[in-house]
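Student: Sending over a structure as structure tokens; questions will come in a sec.
Since every read-out is calculated from the coordinates, none of them should be taken as a lab result. Since this is a predicted model, take the numbers as computed values, not measurements. Cβ atoms come from the backbone with ideal geometry, glycine included; neighbour counts cover every protein chain shown.
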Amino acid sequence: MQKIDAHLHFWKFDSVRDSWITEDMAVIRKNFLSKGFKPLLIQNGFIGCVAVQANNSEGETDFLIELAKQNSFIKGVVGWVDLQSDAIDERLEHYSRFTVLKGFRHISQAEEDRALMLQPSFVNGIAALMKYGFTYDLLIVPDQLGFAKELVALFPEQKFVIDHIAKPNIKNGILDGWQDDIYSIAQNQNVCCKISGLVTQANRTWIRDDFIPYLKVVVEAFGFDRILFGSDWPVCLLAASYNQTFGLLKDFFSSFTSEQQQQFFAQNAIQFYNL
């Protein structure tokens, strides 16, 4: 079975730029580059991955594009561009020259304005993505799901994917609110969901059963043709190894058909990102 990791990161650690990586996150306060990841990919039978931005800058986008040029296993890049810029068309025209660049993401979860994605300037940027065939990753938390639903409804032909199942409060076992909003946004057929980033939303002493209620909701809401596997490496290392992160979902999906597993672990990512 082919497998694609649809969500991971690479960086050269910078304590100022990467200030979100605090001192209590010592395990990821260092460089994470392609050389360190390739063995993990091979060990677990993956044929490739999608590298996703971890910093809101075009420099980050350029860094990931260059890394992909050097490593054929990086099948796609999700970068950053200023969607609110008056020069958005010019920037997208520039980036459309790089075939490995598949889409963009903004770190919306950190914005003081929780509804920034609905500001006219931001909406204008999303509208521009369609012209160039770029996807958009929604990095949001539960209180932003309602705003995200409004956004995706404005662009029924635009491809959206929710990262990390919108980061529910797994640590405290909270489903209320998040569950209803996931079912609601999933009614928009242009929205997919990455089952990723789960372990860092749970207690550090997590067990497999902690995640099952959330997995069941996402699978039921989106079906097998709109869910993607992502490890969120190296961020996952805060709570689990790469093998544990993959193994958790491998075990859960083992009860489903081989065709459904193929969709989740590879085919949906290939289709969504046009890999």
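Student: Order the peptides 202-213, 165-176, 13-24, 218-229 from the highest to the lowest mean number of other Cβ atoms within 10 Å of their residues.
Tutor: The packing order, highest mean first, is 218-229, 165-176, 202-213, 13-24.
Student: Further, regarding this structure: Would you mind computing, in nm to one decimal, how far apart the modelled labels at Ile107 and Asp251 are, each placed 7 Å from Cα along Cα→Cβ?
Tutor: Here the modelled spin labels are 3.2 nm apart.
Student: Under unit Cβ charges (Lys, Arg +1; Asp, Glu -1), what dipole magnitude, rounded to 20 debye, does the stretch 24-66 have relative to its Cα centre?
Tutor: 320
Student: Of Tyr95, Asn243, Leu154, which is farthest along the charge dipole of the chain in the positive direction, counting Lys and Arg as +1 and Asp and Glu as -1 at C-beta?
Tutor: Value: Asn243.
Student: Percent antiparallel among DSSP beta bridges with both residues in the stretch 4-273, to the nearest 5?
Tutor: Given both bridge residues lie in the stretch 4-273, the antiparallel proportion sits at roughly 5 percent.
Student: Classify the stretch 7-124 as rounded, prolate or oblate, taking a ≥ b ≥ c as the square roots of the eigenvalues of its Cα gyration tensor: rounded when a/c is under 1.5, otherwise prolate if a/b is larger than b/c and oblate if not.
Tutor: Here the stretch 7-124 falls in the oblate category.
Student: Have a look at Pro168, Ser34, Phe211 and report the one farthest towards the positive end of the charge dipole of the stretch 4-273, computed about the Cα centre with Cβ charges (Lys/Arg +1, Asp/Glu -1).
Tutor: Ser34
Student: For His94, put the label point 7 Å out on the Cα→Cβ axis and report which residues of the stretch 47-76 keep their amide N under 11 Å from it.
Tutor: 58-59, 62
Student: Which of the residue pairs Lys167/Lys216; Lys35/Lys75; Lys30/Lys171 have a Cα-Cα distance greater than 21 Å in the structure shown?
Tutor: Lys30/Lys171, as the Cα separations exceed 21 Å there.
Student: Given an 8 Å cut-off on Cα distances and at least 6 residues of separation, report the relative contact order of the stretch 4-273 as a percent.
Tutor: Taking the mean separation of contacting Cα pairs over the length of the stretch 4-273, I get 18 percent.
Student: Roughly how big is the chain's charge dipole about its Cα centre, with Cβ charges of +1 (Lys, Arg) and -1 (Asp, Glu), in debye to the nearest 20? If you can, show how the numbers build up before the last one.
Tutor: Details: 25 positive and 32 negative charges, 206 e Å.
Computed charge dipole of the chain: roughly 1000 debye.
Student: Using alpha carbon centroids, what distance separates the stretch 210-275 and the stretch 140-181, in Å?
Tutor: Answer, in whole Å: 17.
Student: Sticking with this structure for a sec: Within the set of other residues whose C-beta is less than 14 Å from the C-beta of Arg114, count the net charge using Lys and Arg as +1 and Asp and Glu as -1.
Tutor: -4
Student: Moving on to the next point. Would you compute, from DSSP H runs of 4+ residues alone, the mean residue ellipticity of the chain at 222 nm, taking -39500 (n - 2.57) per run and dividing by the full residue count, rounded to the nearest 500? Don't skip to the answer; put the middle values down first.
Tutor: Numbers: 10 runs with 96 residues, N = 275.
Rounded to the nearest 500, it is -10000 deg cm²/dmol.
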